[in-house]
Amino acid sequence: MGRRRFLEVAAAFGALLAVPLDPAVAARDGAAAEADIELTDWIFIDAQGGVTLGLCQPEVGQGSYTALPAILAEELDADWPAVKVRWVMGRDAYKIQFRNEKPSQKEGASTSTTKFYARLRVAGAAARDVLVRAAAARWQVPVSDCATESGMVRNTRTGDTLPYGALAAEAARLPLSPAPRLKTPAEFRLIGKALPRRDTAAKTDGSAKYGLDAEVPGMLNAAIALSPTIGGWLVRINNEAEIRQQPGVRAIVRLDDGVIVVAERYWQALRAVQMLDATFSPGENGGLSTELIDRLAESGLDAEIGVTALARGDAPRILGQNPDQVIESRFSVPHLAHAAMEPMNATVHVQPDRVDVWGSIQSTDASVAVISKISGVAEEKVHLHIGFLGGSFGGKIAPDFVAQAVRAAMAVGRPVKLIRTREMDIQHDHFRPNNKGRLRAVVDRDGYPVAVHARVCGQSLFATTRPNWLTKTPLGDYDESMVDGIYNQSYEIPHFHVDVIQTPLPIPVYFMRSVGSSAGVLFWESFITDLAHKAGIDQYQYRRHLLRNNPAALKVLDAVAAAASWDTPPPAGTVRGISFDTYHGRGGSFVTYVAEIVELVRKGDSWRVARVFCAIDAGLVVNHNTFIAQIQGGIGFSLTSALKSEITFNRGGAEQSNFADYPLLSIGEMPEVVPIVVESDRPPQGVGEIMVAPLAPAISQALLHATGRRPDRMPFRAEVFKASA
Amino acid sequence: MSIPFQLNGRPVSFDGPEDAPLLWVVREHFGLTGSKFGCGIGMCGACTMHVDGAPIRTCVLAVGNVRGRAIRTIEGVAADADNAVRKAWNDLDVPQCGYCQSGMIMTATALLAETPAPTDQDIDRWMTNLCRCATYVRIRQAIHAAAAARQHKS
Ligand code: FES
Ligand code: FES
């Protein structure tokens, strides 16, 4: 790891997140950065003693802008309220590795804290260590006479103090210790507390800058119209002359699969694109429809064999030998759009020897590669300036919208900001894949599963986006994400067989908050609900029994049951459902336990989701404030999928396009949320996606108690909430 | 033809077509980018501003309609140090991604002007803005807290 002590220029750095993304301001930061002294890849101290901490994981709402710098500040003993945070990119220290991929800078899979916790602590402690040694040398006292607090070193004998700024130049000349002493948890002042978010004030006075707000001198604005069918292509523009004459229109850029209208102002581009009359060829997917997609997935469910993801014991034989004892359930989930509140956008300035891009971008390196490829400018000369993201949920990882903006900027030879309309954002999203599940079991005399066969069939996420993540078997490859929450579930099942059938579809798909678990846990926990129900055993006790040898899981399950007083029957007009999941981070990166109890309350002739208890053991919690916020928001996000969201296809394209037909949860539908933090002494585990998956099966179980019917397809329609007379 | 109106208390005038949406006029011509674009069809409320005090979704409001009227944006609300709503939002750390929050604060401020002590039902009826991060739990708490703080003061 090369350690450049003095930054020559801030070339590798974008603007401060908290300041406007205006290049004038960025340049000022660059000038300031020239005087910065770099103690590690993450810690920069200016001549006035100001401490700036590097942030390499975009703030999408999850709180990385607060939690990650807090880890550095903790070990550094920085003056937390005074530190600044700066977006950093381009160095190995900022990269993380997923599976067998080459390390890259990106954000995803709930790993910002898990992957960086140890790294940032060591960086903070190493910087503190050189500052202490510099002070000791200055005072000519042993290091043991030096203590640190709030951005200064104190001589414990004399009480003299030296601010970090006064020591930075000397400290930067000392070699960094590879294994500096880390604080014990008892010494923490920031980690494990409820820290206020550092970005709140800017987000309540309109000053927080998102990609949408980028402003570059000479910039034009662009709107895009893409082929209504997936894989369709542009044949001709029928009213090009008319579009060119619209007020403000400067250029029409043809893409293989769409048209970009570039105008002085965005509203002019928007208006012109709405007038656009273009002919697209539907290509080969013109016949694609949800009916067809469903039929494909359905047919796989009953296929003779699938690709085996897990084979413990002899489940297929036991099921085959006891056909009349088999309990079977089937489930279905649709494609979903991410629909982050900020539509996808990027602002691009291409110059002969550099490209600058401002935008709402979740995957840094992947975007740089695409920008470099299209522009022909080397990757080192691509500069991303990432401000706040107006949500992402995985939707701003695929950089196709960035590529489109680069093409527009190159075509007009001026900086261009391209903003997708909501319609384009939803219809041309990379969707959460559909799939269907069939679960079959034979139970013992008490009603507990002896043998289970779980089969999932649908579109593969990995086959489309990460072919090298597919697991190879003699019978073919399979995509483990299709059985997330099933193949790695925690219940004790003596004979357990899981297999997968992939039905290739041309639909672009991508990771979405909680990935395969959003389907897998629904299938799995709903099936467990069915088995417990058939056995006539309390749903909580049934799960306890299956987890009897797993104390960590039981602790979380018991915590949620205690909080919701499960053992006391609910009042009349209230029904409950309980669910559990062990969430395994991709490639074994973490393990988080989560249990939820939902209460439905009868209102008039239907049931409504009134309260959700959610207990999580995610190891050490870095920031309790944002942790609780993630639980609250994650429950609402999940409820949106459970009750409302569905992307259907017809004539080769998505049928939904805006919040009228792809509705989001409203405040009146938001349940009360009771978060239960189950502390454990493990290091921080993933949080952001964990609460999402167990909600829907808890609701479906409660509905079983309320109405006698358990819904088996998402989203749960209003009818299933109708109270039986 | 020019269209005069007040923007956060300052007289301004827009030289352009009557049918330009107010949201983009304010963002692009007057450089106030706190109001956001979420749907463009009046459904999400990210673009909410006050027009003579009423919360209006400005992505679908032609600027010609505000001739002579008083427009207030999040920047105007934030300049008012006493705004109890914004203070409650800060105290409770309501925003996650934050993108919807300008609109939320504008709508909540108008709600409290109309209904100083709103019930949960009032909040449900009035706050039809959308938040994909689902920060609704804290939004509700913040509205109640702001209502209490204002009542305490008066
Ligand atoms: S952008 Fe105006 S209501 Fe959504
Ligand atoms: S805070 Fe992200 S959309 Fe509301």
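Here are the numbers for the structure shown:
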{"read-out": "Residues satisfying the stated conditions in the stretch A:672-689, i.e. crowded, with 23+ Cβ neighbours inside 10 Å and not hydrophobic (A, V, I, L, M, F, W, C)", "value": "A:Pro684, A:Gln685, A:Gly686, A:Gly688, A:Glu689"}
{"read-out": "Sole residue being touching a residue at least 40 places away in the same chain (Cβ under 8 Å) and facing chain A (nearest Cβ under 7 Å), chosen from B:Ala146, B:Ala78", "value": "B:Ala78"}
{"read-out": "Residue list for the stretch A:659-711, filter: polar (S, T, N, Q) and over 30 Å from A:Lys183 (Cβ atoms)", "value": "A:Ser666, A:Ser700, A:Gln701, A:Thr707"}
{"read-out": "For A:Ala409: the one exception among (1) within 14 Å of chain B (Cβ to nearest Cβ); (2) closer than 30 Å to A:Glu264 by Cα", "value": "(1)"}
{"read-out": "Set A:Asp205, A:Asp160: member being of a type outside the set (Val, Ile, Thr) and within 14 Å of another protein chain (Cβ to nearest Cβ)", "value": "A:Asp205"}
{"read-out": "Residues located in the stretch B:96-128, provided they are at the interface with chain A (Cβ under 8 Å from one of its Cβ atoms), crowded, with 21+ Cβ neighbours inside 10 Å, touching a residue at least 24 places away in the same chain (Cβ under 8 Å) and not small (Gly, Ala, Ser)", "value": "B:Gln96, B:Cys97, B:Tyr99, B:Cys100, B:Gln101, B:Ile105"}
{"read-out": "Of residues in the stretch B:29-59 being more than 11 Å from chain A (Cβ to nearest Cβ), more than 15 Å from ligand 1 (Cβ to nearest atom) and free of Cβ contacts under 8 Å to residues at least 40 places away in the same chain, the one nearest to A:His338 (Cα to Cα)", "value": "B:Phe30"}
{"read-out": "Selected residue (only one of A:Val412, A:Val368 is out of contact with any Gly (no Cβ under 6 Å at 6 or more places or on another chain) and crowded, with 24+ Cβ neighbours inside 10 Å)", "value": "A:Val368"}
{"read-out": "Failed item, numbered, when A:Asp661 is tested on (1) surrounded by 21 or more Cβ atoms within 10 Å (Cβ to Cβ); (2) under 27 Å from B:Met104 (Cα atoms)", "value": "(1)"}
{"read-out": "Identity of the residue in the stretch A:372-393, assigned to a loop (DSSP other than H, G, I, E, B) and touching a strand residue (DSSP E or B) at 6+ places or on another chain (Cβ under 8 Å), that ends up nearest to ligand 2 (Cβ to nearest atom)", "value": "A:Gly390"}
{"read-out": "Residue list for the stretch A:607-626, restricted to those being at pLDDT below 95, more than 12 Å from chain B (Cβ to nearest Cβ) and on the phi < 0 side of the Ramachandran plot", "value": "A:Ala618, A:Leu620, A:Val621, A:Val622"}
{"read-out": "Entirely in the stretch A:125-170, the strands (runs of 3 or more DSSP E) that have 2 or more residues that are crowded, with 17+ Cβ neighbours inside 10 Å and either acidic (Asp, Glu) or in contact with a Ser or Thr (Cβ under 7 Å, 6 or more places away or on another chain) (or both)", "value": "A:152-155"}
{"read-out": "Members of the stretch B:60-103 that are over 25 Å from B:Pro11 (Cα atoms) and within 16 Å of ligand 1 (Cβ to nearest atom)", "value": "B:Cys97, B:Gly98, B:Tyr99, B:Cys100, B:Gln101"}
{"read-out": "Spans of strands (runs of 3 or more DSSP E) in the stretch A:259-358 with at least 1 residues under 28 Å from the mean Cα position of the chain (by Cα) and within 14 Å of another protein chain (Cβ to nearest Cβ)", "value": "A:345-351"}
{"read-out": "Residue in the stretch B:124-146 that is within 22 Å of B:Val26 (Cα to Cα), of a type outside the set (Asp, Glu) and in a helix (DSSP H, G or I) present", "value": "no"}
{"read-out": "Of all residues making up the stretch A:470-495, the number that are part of a strand (DSSP E or B) and crowded, with 23+ Cβ neighbours inside 10 Å", "value": "1"}
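The values are calculated or read from the model by the stated rules, or taken from the named source; none is laboratory data. Treat the numbers as computed from the prediction; the structure is a model and nothing was measured. Methodologically, a virtual Cβ is constructed for each residue, glycine included, from the backbone with ideal geometry; neighbour enumeration extends over all protein chains shown.
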